[in-house]
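The block underneath contains the structure these notes are about, expressed in structure tokens.
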Amino acid sequence: MTFAKLDDLGRKLEALEHALSILGADEATHMAIGGGEKRADAVSTLAGMHHAQATAPHIRDWIETAKAEDLAADQRLAVEEFERDYVKATCLPTEFVERSSSASMRSEQLWRELRAKGDWKGFEPALQGVVDIAREEAALRSEATGLAPYDALMDKYDPGNRAADIDAVFADLKNFLKAFIPTALDAQEARLAKRPRKALNAPYSIEKQRELGLAAMQAVGFDFNHGSLAVSHHPFCGGVPTDVRMTTRYRTDEFLTSLMGVLHETGHALYEQGLPKNWSHWSLGKARGMGIHESQSLFVEMQLARSPEFWQFAMPLVTQHLGADALPGWDIDDVLTEVNFVERGYIRVDADEVTYPLHVILRYDLEKELIAGTLQVKDIPEAWDAKMQDYLGLSTIDNPKDGPMQDVHWPSGGFGYFPSYTLGAMTAAQLASAMRKDLPNMSADIAKGDFSAINQWRADKIWSQASRYSTPDLITKATGEKLNADYFKSHLKSRYAG
């Protein structure tokens, strides 16, 4: 059967993907600075090999022949998903893939060096090169798919995302948040007048924080036989489902930021570890886009880990690993004040869930203009500052380190990714609402630190389904209705307006 040829090809491609993923994770965590040039060459070569094998002309014939064979239902779905990826991949020449991989890795390496200095001028030429390549890729994908250039880039990360749809949702959410943030801040001020914030008993050793993070990962279901935790400049979850490489970063003056980051990345990891192993070498067995991926991480971080029920379980865990004096005189309400503290800030990854979507919408607005060519790289700092002032009342004009240089996405060529974060937050809130209807003991289970039923629900509804359905269909099947922002808005009002 021709299906068997595609199956064998899938295993070979998976092996190259495995190598690329592990090399990428190592480059961000353990590689010596002097290894950067050769690592970029190695990644570029492997990416070229993968692309050449995945886009070979004869695969088109294999797909057509396999579609005519007597296949089982899952096999037919697998071929259809393989075909979708093949069409997307064949629009990019191997030479372009090699050039793109090398440019993005070298840009990211330079970003790590220059971001700490806030050296925008030094970094600008490298980013210009990456943006030029992104525009070239958008044009190639647009020609092959018939999508608008930016839509074609988004389709890499979330098949089905279209700017026309997202624009309306984000405009509505932006208007809601700009009005709601003052409400949330006023409510917070009233609470603090009655119950002031308490000081943390710093310093907190990195090793003890690491042990706390590992304990939290284990509690919510992370499989340490198939994953690990390291340190990087920018927290991420990478590697492969059988060897998930999670990272975080630490501060000794407080531990909550790292703990929340660990829980966020654990949400990603649980999704990867829960994907169907029998289909791991097919597109069908991979995660269904980054919006769903972000929904899984934000479900753990926002819906679970910032709730009062979670901290009934977590307070003793903190004492166990950081010591009895880690939170002297604190109770759950004091912790919730900290983990749900709302403030207008510069850094996206440190933002609370009320202001966070505005950070995403800012980036979404700017990168659409970058790809369209209506915004030039040299003008990013001014454009960024204007939107920061409009959305959050803050200026970054003299602070590129905490402005347009703060994220790894653009230096690494990740244009079209940012919308997934906020779409994921909406999905997480909608999933949580549906889950509570199906699991009447959900709150009690969280308070006990028992996440088995919650994880089983997600395994059944999301993880095991992998890429069997489109993103909209997957959400509808899991929750009983199409994705909308109402649940996210209700969640924010419930947690922050009272």
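The values are calculated or read from the model by the stated rules, or taken from the named source; none is laboratory data. In this text, all values refer to a predicted model and were calculated from it rather than measured experimentally. Cβ: placed from backbone, ideal geometry, glycine included. Neighbour counts: every protein chain shown.
Worth a mention:
- In region 469-482, residue farthest from the chain's Cα centre (by Cα) [restricted to those that are surrounded by fewer than 19 Cβ atoms within 10 Å (Cβ to Cβ), of a type outside the set (Ser, Thr, Tyr) and within 22 Å of VAL79 (Cβ to Cβ)]: LYS477
One line per residue, one yes/no per condition, for (1) surrounded by 17 or more Cβ atoms within 10 Å (Cβ to Cβ); (2) under 30 Å from ALA138 (Cα atoms); (3) without any contact (Cβ under 8 Å) to a residue 60 or more places away in the chain:
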position: ALA386; (1), (2), (3): no, yes, yes
position: GLY393; (1), (2), (3): no, no, yes
position: PRO400; (1), (2), (3): yes, yes, no
position: GLN406; (1), (2), (3): yes, yes, no
position: PHE418; (1), (2), (3): yes, yes, yes
position: THR422; (1), (2), (3): yes, yes, no
position: ALA453; (1), (2), (3): no, no, yes
position: LYS461; (1), (2), (3): yes, no, yes
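- Total residues in region 18-53, condition closer than 13 Å to VAL244 by Cα and in contact with a Gly (Cβ under 9 Å, 6 or more places away or on another chain): 5
- Residue selection: ASP402 fails the criterion of being acidic (Asp, Glu) and in contact with a helix residue (DSSP H, G or I) (Cβ under 9 Å, 6 or more places away or on another chain).
- Against the test of being surrounded by fewer than 22 Cβ atoms within 10 Å (Cβ to Cβ) and modelled with pLDDT under 95, the options ASP365, ASP350 yield a single qualifying residue, ASP350.
- Residues in region 60-75 that are acidic (Asp, Glu), touching a residue at least 60 places away in the same chain (Cβ under 8 Å) and either farther than 11 Å from THR2 by Cα or exposed (fewer than 12 other Cβ atoms within 10 Å of the Cβ) (or both): ASP74 alone.
- Scanning region 159-180 for residues that are over 16 Å from TYR364 (Cα atoms), surrounded by fewer than 18 Cβ atoms within 10 Å (Cβ to Cβ) and at pLDDT 90 or above returns PHE176, LYS178, ALA179.
- Test for ASP325: is it part of a loop (DSSP other than H, G, I, E, B), under 24 Å from the mean Cα position of the chain (by Cα) and modelled with pLDDT under 95: no
- Condition met for LYS482 (in contact (Cβ under 8 Å) with a residue 12 or more places away in the chain and not hydrophobic (A, V, I, L, M, F, W, C)): no
- Residue among LEU147, LEU127, LEU153 that is closer than 24 Å to HIS293 by Cα, assigned by TED's automatic domain parsing to the domain that holds GLN53 and assigned to a helix (DSSP H, G or I): LEU153
- Options LEU275, LEU336; residue that is hydrophobic (A, V, I, L, M, F, W, C), touching a Pro at 6+ places or on another chain (Cβ under 8 Å), in contact (Cβ under 8 Å) with a residue 60 or more places away in the chain and not assigned by TED's automatic domain parsing to the domain that holds PHE82: LEU275
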